[in-house]
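The values are calculated or read from the model by the stated rules, or taken from the named source; none is laboratory data. Keep in mind it's a predicted model, so treat the numbers as computed, not measured. Backbone-built Cβ (ideal geometry, glycine too); neighbour counts: all protein chains shown.
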Amino acid sequence: MKLDGSAAWVVGASSGIGAAVAEELTRRGATVAISARREDELQKVSDGRMLVVPLDVTQPVDVASAAARVRAELGDLDLVISSAGYWKQLNPRAWDADLVARHFAVNVTGTSNVIGAVLPDMLARGHGTFAGVASVAGFRGMPGAAAYGATKAALINMLESLRVQVRPSGVNVTTVCPGFVKTALVEQNDFRMPFMVSADVAARAICDGLEHDKQEIVFPWPMAALAKAARYVPVRAWTALWARPATRSMRSKR
């Protein structure tokens with residue numbers, strides 16, 4: 001797709017990957033609207049260059065109202081990126097069902113709410129790209145990521161199912177699977193994060209992928225290669241591979 005001259009809406013753009021993508025889209029000539037809960041942070045990202053439309057992604061009425069306003073201000077949307085995300089490590093010794101529910105509310109239901117607010121219009125026009133930000137964490141189960149990884153696996157499957165179904169209509173669905181990106185979301189992590197990239201590098205990778213009409217954008221390439229290869233590791237071998245670090249993690253949480 002051509003980003004220069006396009007109308008784009010980035011949801012989850014108050015910080016991190018979403019904010020960097022909104023900046024990169026603007027730099028490439030798109031007219032951009034940004035949304036998230038924190039209006040003050042959105043205003044900082046916008047700096048007067050983007051349409052700011054606050055919303056709570058977990059509330060479908062909020063999302064539908066925001067989508068209507070964005071279309072009224074920018075016209076038909078060429079691109080919508082759903083980047084809102086939530087991540088907390090889960091401790092099996094103190095299983096927190098509310099924490100799991102929060103992950104699903106933001107990461108899965110939130111994305112679903114955005115899809116419901118924009119996809120029917122794209123399908124009616126036979127034009128548009130919807131991109132959802134999942135993660136390589138959705139490829140295989142990882143220690144501490146039982147909630148987060150499950151939501152990202154759900155997103156990967158949901159977006160792929162949508163892509164297959166709507167492709168004949170002329171609408172594109174893109175799955176974005178970052179590796180580790182240096183944002184506030186990962187500052188809590190107490191484990192090694194290989195091949196980490198900045199949010200700016202992530203934004204360029206995403207926008208490059210969109211301009212080349214990629215159906216799946218996975219980066220950085222070393223992490224992409226490892227994540228793809230991990231899909232083929234037998235279950236017993238995968239469990240054994242992570243047994244020692246998982247044991248250390250469990251001991252540290254006693």
Per-region count, segment 27-85, residues of a type in the set (Asp, Glu) and farther than 23 Å from residue 5 by Cα: 5
Filter result (at pLDDT 95 or above, under 26 Å from residue 201 (Cβ atoms) and not basic (Lys, Arg)) within segment 149-176: 151, 153, 155, 156, 159, 160, 172, 173, 174, 175, 176
Within segment 105-138, can you find the residues that are without any contact (Cβ under 8 Å) to a residue 24 or more places away in the chain and over 21 Å from residue 170 (Cα atoms)? 137
Looking only at segment 229-242, count every residue that is surrounded by 11 or more Cβ atoms within 10 Å (Cβ to Cβ) and in a helix (DSSP H, G or I) and tell me the total. 6
Among the residues of segment 1-51, write down those that are buried (at least 19 other Cβ atoms within 10 Å of the Cβ) and free of Cβ contacts under 8 Å to residues at least 40 places away in the same chain. 14, 22, 26, 32, 34, 35, 42, 45, 46, 50
Sole exception among (1) in a loop (DSSP other than H, G, I, E, B); (2) surrounded by fewer than 16 Cβ atoms within 10 Å (Cβ to Cβ) for residue 120, by number: (1)
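Rundown of residues vs (1) in contact with a Leu (Cβ under 8 Å, 6 or more places away or on another chain); (2) over 18 Å from residue 159 (Cβ atoms), yes/no style:
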site: 208; (1), (2): no, yes
site: 218; (1), (2): no, no
site: 224; (1), (2): no, no
site: 228; (1), (2): no, no
site: 233; (1), (2): yes, yes
site: 241; (1), (2): no, yes
For segment 89-101, state whether one or more residues are in contact with a Lys or Arg (Cβ under 7 Å, 6 or more places away or on another chain), of a type outside the set (Ser, Thr, Tyr), part of a helix (DSSP H, G or I) and without any contact (Cβ under 8 Å) to a residue 60 or more places away in the chain. yes
Return only the number of the condition from (1) modelled with pLDDT under 95; (2) out of contact with any Leu (no Cβ under 9 Å at 6 or more places or on another chain); (3) not β-branched (Val, Ile, Thr) that residue 27 does not satisfy. (1)
Counting just the residues of segment 211-228 that are surrounded by fewer than 12 Cβ atoms within 10 Å (Cβ to Cβ) and modelled with pLDDT under 90, which one comes out nearest to residue 177 (Cα to Cα)? 221
Can you tell me which residue among 62, 40, 47, 56 is under 16 Å from residue 20 (Cβ atoms), modelled with pLDDT of 95 or more and out of contact with any strand residue (DSSP E or B) (no Cβ under 7 Å at 6 or more places or on another chain)? 47
Kindly indicate whether any position in segment 79-95 is farther than 23 Å from residue 16 by Cβ and surrounded by 14 or more Cβ atoms within 10 Å (Cβ to Cβ). yes
Go through segment 22-42 residue by residue and tally those that are part of a loop (DSSP other than H, G, I, E, B) and small (Gly, Ala, Ser). 3
Across segment 191-210, what is the total count of residues that are among the hydrophobic types (A, V, I, L, M, F, W, C), touching a Phe, Trp or Tyr at 6+ places or on another chain (Cβ under 8 Å) and either assigned to a strand (DSSP E or B) or at pLDDT below 90 (or both)? 4
Counted residues, segment 17-44 - those being hydrophobic (A, V, I, L, M, F, W, C) and farther than 23 Å from residue 177 by Cβ: 2
